[in-house]
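The values are calculated or read from the model by the stated rules, or taken from the named source; none is laboratory data. No experiment lies behind these values; they were computed from the predicted model shown. Glycine also receives a Cβ, built like all others from the backbone with ideal geometry; neighbour counts cover every protein chain displayed.
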Amino acid sequence: MNPAPFTYHKAANLDEAIGLLGTHGADAKVLAGGHSLLPIMKLRLVEPDHLIDLSAVEELRGIAVADGVLRIGALTTHHQLERDLLVRDHALVLAEAAGQVGDRQVRNRGTVGGALAHADAAADYPAAILALDATVVARGPAGERRIAAAEFFVDLLTTALEPDELLTAVEVPVLPGRAGGSYQKLANQASGYALVGVAVVVVLDVAGRCAEARVGVTGAVASGRRAGATEALLRGAALDETAIASAAARVGDGLDLLDDLHASAEYRRRVLVGLTRRALTSATERANA
Ligand SMILES: Cc1cc2nc3c(=O)[nH]c(=O)nc-3n(C[C@H](O)[C@H](O)[C@H](O)COP(=O)(O)OP(=O)(O)OC[C@H]3O[C@@H](n4cnc5c(N)ncnc54)[C@H](O)[C@@H]3O)c2cc1C
């Protein structure tokens, strides 16, 4: 099927993109990689009157570290995120998630900004963004604001972005020396999306105990969530096999696990426990390395 008719705008820069969004607001959609938007437009699930192409907006590109923060432009593709050395050095878990998105074509076109704004329940990034305690930078006609990852994912396909706001960048605090991360995923065999995905970041203190642990979950929940019960059990613990196994066993506590045609909630819970144990073990090994 073809999309419903729309007016195409190619924004030359960030101000123009925001101006167009301000004018057309809820009647407009921005176009990044098009890998989520165009299929749903063709199915006529979404029928924007105006399409604002971001591809020429250079301000949305680039990856840099400054003042202890890794800043990733919204138009960064999954492939760029997977390969970038700054990302691999400072936020390996994000590079790992990027490397598991779809196939090569999807990774070459799809963008981190588009994936986060779309907020598919089975997307990979939400887990990593939550585990890294990242901040989403949004800009609209009213100016710029920063949204903590934990506040950003609201519900299925719903984020804290306003209709006239652009996601301009993701900011990740650079991890301290004794820290490690890992992303583990069970992919849906048909689509490649995450049936269950878990990202973990652990920070060790001078004695080698867990100073901080953050666990982000995707795929198993309608929108990305932190696993608070597991995080609380890990804090202050020596991260040996027993502590990791008992903390991982509680990862589903307080989470409303999805129960749908792809998998039951009980199946997802069991996979979640196994993947969390694997992610914690790998993150701890990396922190100790
Ligand atoms: C075959 C296939 C397999 C896939 N497999 C996976 C997978 O395994 N894991 C996974 O996580 N994803 C997967 N995806 C989705 C892929 O990651 C998409 O690239 C991503 O979800 C959307 O990014 P995009 O740049 O293509 O955004 P678009 O499709 O251009 O836009 C998506 C939505 O976000 C909005 N948007 C885009 N950029 C911005 C911005 N800067 N600010 C505000 N709103 C914005 C658009 O208006 C639209 O509503 C798959 C997609 C395909 C087609």
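Picking from Arg109, Arg44, Arg71, which residue would you name as being basic (Lys, Arg) and exposed (fewer than 15 other Cβ atoms within 10 Å of the Cβ)?
Working: Arg109 fails: exposed (fewer than 15 other Cβ atoms within 10 Å of the Cβ); Arg71 fails: exposed (fewer than 15 other Cβ atoms within 10 Å of the Cβ).
From the options Arg109, Arg44, Arg71, the qualifying one is Arg44.
Residue-by-condition table, conditions (1) touching a residue at least 40 places away in the same chain (Cβ under 8 Å); (2) in the same structural domain as Ala169 (by TED's automatic domain parsing); (3) within 22 Å of the chain's Cα centre (by Cα); (4) in a loop (DSSP other than H, G, I, E, B):
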site	(1), (2), (3), (4)
Pro3	yes, no, no, yes
Asp15	no, no, no, no
Ile18	yes, no, no, no
Gly25	yes, no, no, no
Gly33	yes, no, yes, yes
Arg44	yes, no, no, yes
Val65	yes, yes, yes, no
Leu70	yes, yes, yes, no
Asp89	no, yes, yes, no
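Being surrounded by 18 or more Cβ atoms within 10 Å (Cβ to Cβ) and farther than 19 Å from Arg61 by Cβ is the filter here, so list the residues in segment 74-99 that pass it.
Matches in segment 74-99: Leu92, Val93, Glu96, Ala97.
In segment 21-48, what residues are near the ligand (Cβ under 6 Å from one of its atoms) and either modelled with pLDDT under 95 or touching a strand residue (DSSP E or B) at 6+ places or on another chain (Cβ under 7 Å) (or both)?
The answer is Lys29, Val30, Leu31, Ala32, Gly33, Leu37.
Would you pick out the residues in segment 152-166 that are outside any loop (DSSP other than H, G, I, E, B), touching a strand residue (DSSP E or B) at 6+ places or on another chain (Cβ under 9 Å) and either closer than 17 Å to Ala123 by Cα or free of Cβ contacts under 8 Å to residues at least 24 places away in the same chain (or both)?
Hits for segment 152-166 are Phe152, Phe153, Thr159.
Looking at Arg88, Arg107, can you tell me which residue is over 24 Å from Glu162 (Cα atoms), of a type outside the set (Asp, Glu) and within 11 Å of the ligand (Cβ to nearest atom)? Reasoning before the result, please.
Details: Arg88 fails: within 11 Å of the ligand (Cβ to nearest atom).
Of the residues listed, the single one that is over 24 Å from Glu162 (Cα atoms), of a type outside the set (Asp, Glu) and within 11 Å of the ligand (Cβ to nearest atom) is Arg107.
Can you find a residue that is within 13 Å of the ligand (Cβ to nearest atom), surrounded by 24 or more Cβ atoms within 10 Å (Cβ to Cβ), under 30 Å from Ser264 (Cβ atoms) and touching a residue at least 12 places away in the same chain (Cβ under 8 Å) anywhere in segment 169-189?
yes
Return the only residue of Ala98, Ala128, Ala121 being part of a loop (DSSP other than H, G, I, E, B), out of contact with any Lys or Arg (no Cβ under 6 Å at 6 or more places or on another chain) and more than 8 Å from the ligand (Cβ to nearest atom).
When all the criteria are applied, what remains is Ala121.
Please work out which one of (1) within 14 Å of the ligand (Cβ to nearest atom); (2) in a helix (DSSP H, G or I); (3) in contact with a strand residue (DSSP E or B) (Cβ under 7 Å, 6 or more places away or on another chain) is the condition Leu51 fails and give its number.
With (1) within 14 Å of the ligand (Cβ to nearest atom); (2) in a helix (DSSP H, G or I); (3) in contact with a strand residue (DSSP E or B) (Cβ under 7 Å, 6 or more places away or on another chain) applied to Leu51, the lone miss is (2).
Any residue at all in segment 59-70 that's near the ligand (Cβ under 9 Å from one of its atoms), under 19 Å from Leu116 (Cβ atoms) and in contact with an Asp or Glu (Cβ under 8 Å, 6 or more places away or on another chain)?
no
In this structure, does Leu54 turn out to be within 23 Å of the chain's Cα centre (by Cα), at pLDDT 95 or above, over 30 Å from Ala279 (Cβ atoms) and of a type outside the set (Ser, Thr, Tyr)?
Details: within 23 Å of the chain's Cα centre (by Cα): yes; at pLDDT 95 or above: yes; over 30 Å from Ala279 (Cβ atoms): yes; of a type outside the set (Ser, Thr, Tyr): yes.
For Leu54, the condition - within 23 Å of the chain's Cα centre (by Cα), at pLDDT 95 or above, over 30 Å from Ala279 (Cβ atoms) and of a type outside the set (Ser, Thr, Tyr) - is met.
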